[in-house]
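Worksheet: the structure to be examined is printed underneath.
The values are calculated or read from the model by the stated rules, or taken from the named source; none is laboratory data. Since the model is a prediction, treat every value here as computed from it, not as a measurement. Cβ coordinates were reconstructed from backbone atoms using ideal geometry, including for glycine residues, and neighbour counts include every protein chain displayed. Surface accessibility is based on the protein's heavy atoms, side chains included, excluding ligands, DNA and RNA. Shrake-Rupley method; radii C 1.70, N 1.55, O 1.52, S 1.80 Å.
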Amino acid sequence: MSNTELETTYNARNIEKEIYKFWEDNNCFEADSNSKKEPYSIVIPPPNVTGVLHMGHALDGTLQDILIRYNRMLGKEVLWMPGCDHAGIATQNVVEKQLAKEGKTRHDLGREKFLATTWDWANEHKNRILEQFKLLGASFDLSRKRFTLDEGCSNAVKKVFVDLYNKGLIYKGTYIVNWCPRCQSAISDIETNYETEDGHLWEISYPLSDKMGAIVVATTRPETMFGDVAIAVHPDDYKYKDLIGSDCVLPLTGRKIPIIADEYVDKTFGTGAVKITPAHDPNDFEVGKRHNLPQIKVIDEKGCMLSNEYVPPQIQGLTREEARKKTVQMLEEHQVLVRITPHVHNVGKCQRCNTTIEPLLSTQWFVKMEPLAKPAIDAVKSGAIKFIPERWEKNYLMWMENIRDWCISRQLWWGHQIPAYYHNKTGEMVVALKNPDPDNYTQDKDVLDTWFSSGLWPFETMGWPDTNHPDYKKFYPTTTLVTGFDIIFFWVARMITMGLEFTKKPPFSTVYIHGLIRDEHGQKMSKSKGNTIDPVDLIEKYGCDALRFTLTYLCTYGGQDIKISDEKFEFGRNFANKIWNASRFVLMNLSAQEYDLKIEQDKLSIADKWILNELNNVSKIVNENLKTYRIGEVANILYEFFWNKYCDWYIELSKINKNEQVLVYVLDSYLKLLHPIMPHITEAIWQKMPLKKDVIGILNSKYPEYNSAFEFSSDAKKMETVFETIKALRNLRAEFNIPLASKINILIDNNEELYSQIIPYLNRLAKVESVSFDKNKNIEKSAYCVVGDTRITVPLADLIDLNQEIARQKKKIDKLNQELNSIEARLKNEKFVSNAPKDVVDKAIERKNELNSEINLINETIKKLS
RNA sequence: GGGCGUUUAGCUCAGUUGGUAGAGCGCCUCCCUUACAAGGAGGAUGUCGGGAGUUCGAGCCUCUCAACGCCCACCA
């Protein structure tokens, strides 16, 4: 096989593996921070170190790679920074599950040994997911690969923590936090998902201590009553006005608590009286602070009832669920349970393990968000950072403007240990980069929220805090951030706040938000539902380029979620196959050893001009759309051009009359245009093309742009007429069941200059035997094609049923008349003529004239037939 | 409670400043024409969710209603 020949069958996987290796072997993805070229950089949303590639990565990775490859071809110095996230809770959960299989917990191993085990696990897996990204054709710079827990990131994290602490933006305090009893850790507000659950509203009667009677409170969590420190009513609630200031008695334990007034209470809900449990409810915590009430803990970190003086002995040690049952039972026995009504309410769940969250009074570390949020709000409002699509800005701003402090400490082992040190004897706390005195100070046991380190990702990966680092200087701030809307708050918002605070620059200028991948029914894909599609399987089955193309094609500008099923990828596979075969044909039909991609204008036929004109338009629109992130549109346009223009027409025409220069030129340009989306197949074919090449791969070639020398719109329009004619003749054959084997002779009554040029095309593509331009020739028993101002007579002798032909022509006239009527109505409307833009009116007049002459021509034709 | 999205051909979805609707799949007819049957030629299919308004003109803009979905907040 010669070096310009393509294999007969397109074997995607073999080619893709070979091509990716070619790029890797030639270090094609390595960024040069000393380059003089304009920089373009993207940091990957770091996948979970223990994760495996899923469809979300496939989409996200494909889009990033498209932008990277496009900008590389625009001549920029590009860096796509790869790396993984240590994913605190998720990773620790995985390792703990492994241990559980051996009947062990992390406590059996101890912190040091557990961390060693987890590191082993992480090291073993951290290459896996990035290796899988390679299957996507990712052109990231693996020589710069980072990990959120590596030394550089750890130093960045420490510095950020210490600085924020010194600025008073990180503080330690005791507040109600979302506590996951399974993870045994605090989690942040956004890691808490709310699910509606059918519960009950229990109304409990609390006897007054000084007077007769009782006050009835409504609660969804009776088991927390042992931590009650007051009953609150609304100050204006006439029902309870007299009771404010007096005391009542907690049933079952007999503890005396006050009745207080607070605006927080909703008079219309429940009984209008609320039990206040500051240690186990965020709202009650606030009420408690306002009224200087004590905080009584009755539930522990495992979600079990404490054994203390406040909890009745029968309830001590029970789980939350058991305690609720038992409490209700005891209340019933004491006849203080007034009423039980079904009640639907929202229950907080841990994002990681779906365990019901326990709001718990706990000492944790927090980031004071408001001062940090302000510049982050301004950056988006001022346009320094733009979201695409724009609507996400509103979403982002709404969240930022109502931001609450961020609980960053986690009671885990896997992660960045908080750089706070406590004196072993005095308990004095020092927050510093290093332990001031390891003999006498012990480091805080807690680690930081995973998102704390990923929030620094755009600059911690660029050498920060060394602001003289070449990468930092060349590639920070990054250009575009590509991600799904589900992590705007978790990640994007944090990167913006941290980036602005520590580098004084927005970490990126554009945030491109795409939709989420869903299954064919629109359901989120998840392992537990069993509806996942593995991109690795798809790649094996259809090829990486097919996967990329299909995903891109389905990815709309509005960022709609993308519903997929296995079969949908046949679309991309078929397209890849088409590209392969068409290219194979072109390469087979080239005679020269080498082409220099110069076009000799005087040798161009109208067909050549037409395809160059089309290519030119496509180049223009594709560039525009790539620059404005209309990436799905790019896939649409490129598909349409190649299949419906280049293959269906130009290649067919070239079988009759070929211009090798143009054939090669268009294929070369097209492969370049498509390369960012389908990198392997375009590279593979391009490597086989006999071209004078000044770069080693298509990935380094120059992206095609609009070229005014190829503006041939009037010739292109003539060519469209030719296509119309061929289609009309084919249609006629189909309607009269004339087999291709029987040749037809035709008579053309107009536009001799144009049609005489294209007789060979009519010959081959419409199986026309001969063409005559003799207007006087009159032939009986003919069918007719009217194309614009030209009538084509097709003598059919006995093959034709005249009535059928009349009906056929009438049908056409009806259609044209319909359009004509609507245009005439418009033109008769004075308001249209005076108000509509001139070009719209002119276009309508032009179209009216066209329609009139075509209709006249058909009418004449019908007369001939009758 | 607040915000956002979706509703277009049987199915999945495009439709970029308002000018009179498209693709893929599926369906029907014909064709193994030597790049491709993962293909080629031809064909059928839509009061663009309902209603109202703005406009000469609305799938697109405004209002309203309905259904479905998502996000945020959360009343014990």
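Rounded to the nearest 10 degrees, the angle from helix A:12-25 to the longest Cα principal axis of chain A is 70 degrees.
Under 16 Å Cα to Cα from residue A:767, which lysines show up? Leave out anything in the same chain fewer than 8 places away. Qualifying lysines at Cα under 16 Å: A:655, A:727, A:743. Which of A:302/A:434; A:167/A:505; A:37/A:672; A:37/A:505; A:812/A:838 have a Cα-Cα distance over 24 Å? Too far apart for the 24 Å limit: A:302/A:434; A:812/A:838.
What the phi angles of the stretch A:789-799 give under the Karplus curve with 6.51, -1.76 and 1.60, with θ = phi - 60°, is a coupling list of 9, 10, 10, 10, 9, 10, x, 10, 6, 7, 5 Hz, glycine and proline written as x.
Candidate cross-link partners of residue A:349 among the aspartates and glutamates, defined by an alpha-carbon separation under 18 Å and a same-chain spacing of 8 or more, comprise A:189, A:191, A:195, A:197, A:198, A:281, A:300, A:301, A:321, A:358, A:449, A:486.
State in Å² the accessible area per residue of the stretch A:606-738; use a 1.4 Å probe, count heavy atoms of protein chains only, and round to the nearest integer.
Details: 4570 Å² over 133 residues.
Roughly 34 Å² per residue, with all protein chains present.
Taking a threshold of 20 Å on the Cα-Cα distance, which of the pairs A:158/A:504; A:541/A:568; A:126/A:541; A:810/A:863 fall above it? Beyond 20 Å: A:126/A:541. Overall, the stretch A:88-197 carries a charge dipole of about 320 debye about its Cα centre when +1 sits on the Cβ of Lys and Arg and -1 on the Cβ of Asp and Glu, all other atoms neutral.
Close amide H pairs (under 5 Å, H built 1.01 Å from N) link residue A:200 with A:343, residues at least 5 positions away or on another chain. Measuring nothing but protein heavy atoms, the accessible surface of the stretch A:461-528 at 1.4 Å probe radius is 49 percent carbon and sulfur. Only Cα pairs under 8 Å and 6+ residues apart enter the sum, and on that basis the relative contact order of the stretch A:1-141 stands at 36 percent. Farthest towards the positive end of the charge dipole of chain A, among the residues A:19, A:392, A:413, is the Cα of A:19, using unit charges on the Cβ of Lys, Arg, Asp and Glu.
Surface composition of the stretch A:188-290: carbon and sulfur atoms hold 50% of the protein heavy-atom accessible area at a 1.4 Å probe.
In chain A, taking the dipole from charged Cβ atoms about the Cα centre, the farthest positive-side position among A:114, A:432, A:461 is held by A:461. Each residue of the stretch A:104-114 is assigned a 3J(HN,Hα), and the resulting list reads 10, 10, 5, 5, 5, 7, x, 4, 4, 5, 4 Hz, derived from the Karplus form 6.51 cos²θ - 1.76 cosθ + 1.60 (θ = phi - 60°), x at Gly and Pro.
When the GluC sites (Glu not before Pro) in the stretch A:596-689 are filtered for DSSP coil states and for at most 13 other beta-carbon atoms within 10 Å of their beta-carbon, the remaining sites are A:600. Helix A:679-688 and the long axis of chain A differ in direction by around 40°, with both axes built from C-alpha atoms.
The GluC sites (Glu not before Pro) of the stretch A:373-440 that DSSP puts in a loop, and whose beta carbon has at most 10 other beta carbons within 10 Å, are A:390. The angle separating the long axis of helix A:570-588 from the principal Cα axis of greatest extent in chain A is about 40 degrees. Take the Cα pairs of chain A, get the Kirkwood Rh, then feed it into Stokes-Einstein at 20 °C and 1.002 mPa s and tell me D in µm²/s. Value of D from the Cα-based Kirkwood radius: 65 µm²/s.
Here the stretch A:7-104 has 46 percent of its accessible surface on carbon and sulfur atoms, given a 1.4 Å probe and all protein chains in place. The local environment of residue A:340, defined by Cβ-Cβ distances under 11 Å, has a net charge of -1 under the rule Lys, Arg +1 and Asp, Glu -1.
Name the GluC sites (Glu not before Pro) in the stretch A:456-556 that are in a loop by DSSP and that have at most 16 other C-beta atoms within 10 Å, would you?
Here the GluC sites (Glu not before Pro) that fit, given the DSSP loop and packing criteria, are A:520.
Annotation: amide H-H contacts under 5 Å for residue A:216 (H modelled 1.01 Å from N, sequence separation of 5 or more, or interchain): A:206. Phi angles across the stretch A:414-423 convert, under the Karplus curve 6.51 cos²θ - 1.76 cosθ + 1.60 with θ = phi - 60°, into 3J(HN,Hα) values of 8, x, 7, 5, 5, x, 10, 10, 10, 5 Hz, Gly and Pro given as x. Computed over chain A, relative contact order equals 13 percent, with contacts defined as Cα pairs under 8 Å that lie 6+ residues apart.
Close amide H contacts of residue A:349 (hydrogens built in the peptide plane, cut-off under 5 Å, sequence separation of 5 or more or a different chain): A:193, A:194, A:195, A:357. Averaged over its residues, the stretch A:58-182 has an accessible area of 37 Å² per residue, based on protein heavy atoms and a 1.4 Å probe. Accessible surface calculations at 1.4 Å, restricted to protein heavy atoms, place the stretch A:315-449 at 51 Å² per residue. Apply the a/c threshold of 1.5 to the C-alpha gyration tensor of the stretch A:726-866 and tell me whether it is rounded, prolate or oblate. The shape class here is prolate.
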